[in-house]
1. ³J(HN,Hα) across the stretch 24-29 via Karplus (A = 6.51, B = -1.76, C = 1.60, θ = phi - 60°), whole Hz, x for Gly/Pro?
2. Report ³J(HN,Hα) in whole Hz for each residue of the stretch 46-51, in order, from the Karplus equation J = 6.51 cos²θ - 1.76 cosθ + 1.60 where θ = phi - 60°; Gly and Pro get x.
3. For HIS249, tell me the accessible area in Å² from a 1.4 Å probe, rounded to the nearest 10.
4. Taking amide H positions as placed in the peptide plane 1.01 Å from N, state which residues far from THR577 in sequence (5 or more) or on other chains have amide H under 5 Å from it.
5. What residues from the stretch 17-55 fall in the zone where the backbone N is under 17 Å from a label point 7 Å along the Cα-to-C-beta line of GLU128?
6. Evaluate the Kirkwood expression for the hydrodynamic radius of the stretch 462-518, namely the inverse of the mean inverse distance over all pairs of different C-alpha atoms, and round to one decimal in Å.
7. Excluding residues on the same chain fewer than 8 positions from LYS518, give the lysines whose Cα lies under 23 Å from its Cα.
8. Between beta-carbons, use under 10 Å as the cut-off and find the net charge around GLU69, counting Lys and Arg +1, Asp and Glu -1.
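The values are calculated or read from the model by the stated rules, or taken from the named source; none is laboratory data. Since this is a predicted model, take the numbers as computed values, not measurements. Quick reminder, even Gly has a Cβ in these numbers, built from the backbone with ideal geometry, and neighbours come from all protein chains shown. The accessibility values were calculated without ligands, DNA or RNA, using every heavy atom of the protein model including side chains. Shrake-Rupley method; radii C 1.70, N 1.55, O 1.52, S 1.80 Å.
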Amino acid sequence: MNIVVSTLNAKYIHTCLALRYLKTYCEPDFDIDMAEYTIKDPVMNIVSDLYSRNPDVIGFSCYIWNIEETIPIIEMLKKIKPDIKIVLGGPEVSYDVPHWLERLDHVDYIVIGEGEETFKDLLYAIEENEDIESVAGLAYMKGGKPFRTAPRPKLDLKRVPSPFRVEEDLPQLSKRVTYIETSRGCPYSCAFCLSSIEVGVRYFDIEMMKEEIRFLMKNGARTIKFVDRTFNIRRDYALEMFDFLIKEHLPSTIFQFEITADIMRPEVIEFLNEHAPVGLFRFEIGVQSTNDNTNELVERRQNFEKLTRTVTTVRDGGKIVQHLDLIAGLPEENYDSFRKTFNDVFAFRIEEVQLGFLKMLRGTGMRIRAENHDYIYMEKAPYEILGNNVLSFDEIIKIKRVEDVLEKFWNDHRMDTTVSYLIDHVFPSAFDFFQQFGDYWETRGWSRIGHQLEDLFKRLYSFLSDRSIPQLEIVEGLMKYDYFIRQKHKPRKPWWDFSMDKATQTAYLRLMAEHPEKVSEDFNKLNLSEKELHKHVMIERLSFDLDTFLKEGNLVRKETLLIVYFDPKTKTATSFTLGDERTKTTEIV
C-alpha cells in the first residue's frame, strides 16, 4: 500500500512537524512518503507530483493558511484516481467536523485531534479491510450523515518516536526552519485560540529533548522554533532548557519561543540577561490587548504591569530579540481603545510589533459567541472579521493601513532612528504616525505596487513634506544616516541629491586622507588611503550634531559632516562625524 502524507506550507523555508510525527509513528509497519509544497505552488504541479507517487492513501495536514488551497487538490485527485483514500487532519478540520464532511464529499476520513495513533490504526483497518468504526478518533460519512467514532485518549508522549531524525530532512536543516515541541496543550482558555480547547499540558522527557536538539544542531539546523503554546509555564523546565541551550548551542543556531511574559519569573530573566549570548534567543509574546474589559471577555488573564516588567527587563538586557503580537477587533475594543493598546505596546520600542486581526476560528468560544458582539466575518478561511458592534469595516481598513507601513518602516528596521524621532518629537503618538502615513500611502496607490529601498525613503520624505512638518531638514539628515548605516556596500545612487559638488567632496576626502585624526581616533586606525576613501567612503552635510543626538537624544544646531565607511570585508557601514568648531551651536530640541 502506497501512503503519502502531505501539506502546503506558507513558505518554502517552513516545515510541517505533523507530517514527521505521522511518518515516524507509522514506521516500520508502514512506509510513509512525505510530500511538502507551498500555498503559492500551482495546483496542477502539486497534483501531478502527488499522482506520480501512485498513492493508495493520502493524508493532508490542514491549517487555516492552507485549507482553501488544499481543497482543489483533493477534488482533482479524486477525479483522476477515484479509488484513492483521502484523509484530512490538523487543527482546521478537527473542530467543526460535520461542516467539512458535508462540504468536501471527496474526503473519505477526518482524523480528529492528535493524529499519530488514529492514522496508524486507520491504515491497519484499510489494509486488512476491517471495520473502520473500531478506529477511535475518526470521522466520516455513514448513511449519508457525519459520523464520529469513539474519542481517543490522549497519546502517551513517552511512546512517540522522534520526528527529528528523518533522513531526507538532514540535507535541508540549514536552509529551513526546524519546528520542535517539548510539550502539548495549553494552560489558558483564550476564547479566540484553538489551543484553549485542549485542556492540560503534557511534557516530553527533557533529557530526550536535549538529545534531539543536539542531533539537530550537529546536523546543521540553524533556526529552531519551539511551538509550545507557553514555553515558560513550568519555571524549572524552562530554566533547565535555557541553561542547556546556552551551554551547548552552536554559533550558527538561534532558538525561538512563545512565552507568556507576565508569568516570567525575575530570576529567570536575570539568568538570561547574565548568561545568554546576544541573539541566541527570540521571544514571541502575545499581548493582544491592554484593555482589561476586553481581556476578561475573551477569558484571557493578563497582568500588564508584570508583562511590562518582563519586556523592559529583557529589552534592557540587550540579549534577546522580542516580537509582540496585537489583535485588532477583539470584543468591545473600539478604534480609540485599540489606538491605546498599540501605543502601550509600541512604547516598549522592541524589535517587532505584529499587528493582526481577529479570526473567528472554528471551534473557538469567540466564534460560538459571535452574535453577542454582532461580529461579521469571512465565511471561508482565514475567517477574518469584517466588523462588530464597536468597530466598523471602515475602521478595520484604517487599521490595516497602519499594519502595512508598520511592517515596512519599523519591523524591517530600515530607519529606526528616523521613525523614533518622528514619534517622539513630531507626531502625537506612534499610532498617529503610522495611521497618517498609512492613509497617505493608500491615497498615492503605493499599497498596490512594489518598492525598492530607495522608494521607501522617498515616500516617507514625500509624506513629511506634504505635512510640512517642522525642522524637516533634521528628519532628512536622520534619514540619510539611516540609509547609509544599513548598507552592506557603498550605494551607487542614494535617494536624494547630494548637497556638495565633486570638487568639494574630493577636497574633504583629501583632508581626511592627510589628517584622519581630525575625524576620530577610530577613523585614524582604519588607515585609509585617499584612493580607498574615494572607493569606500561617502560624505554628506548635516545641519545638526549627529553624535550628540545618537548618544544623548538631544538635537544641537551645528554644521556637521557625516562620514560613512563601507567595509568591503565585513560588509558593514560605520559612521563618523566631523564638526566645524567655528560654527555657532544652539540647542534646537
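1. 6, 6, 7, 7, x, 4
2. 3J(HN,Hα) across the stretch 46-51, in whole Hz: 5, 4, 4, 5, 5, 4.
3. Accessible surface of HIS249 is approximately 50 Å².
4. Correct list: ILE563.
5. 26-31
6. Values: mean 1/r = 0.0724 Å⁻¹.
When all Cα pairs of the stretch 462-518 are included, the Kirkwood radius is 13.8 Å.
7. LYS480, LYS490, LYS502, LYS531, LYS535, LYS551, LYS558, LYS584
8. On the way: positive: LYS40; negative: ASP41, GLU68.
Taking every other residue near GLU69 into account, the sum is -1.
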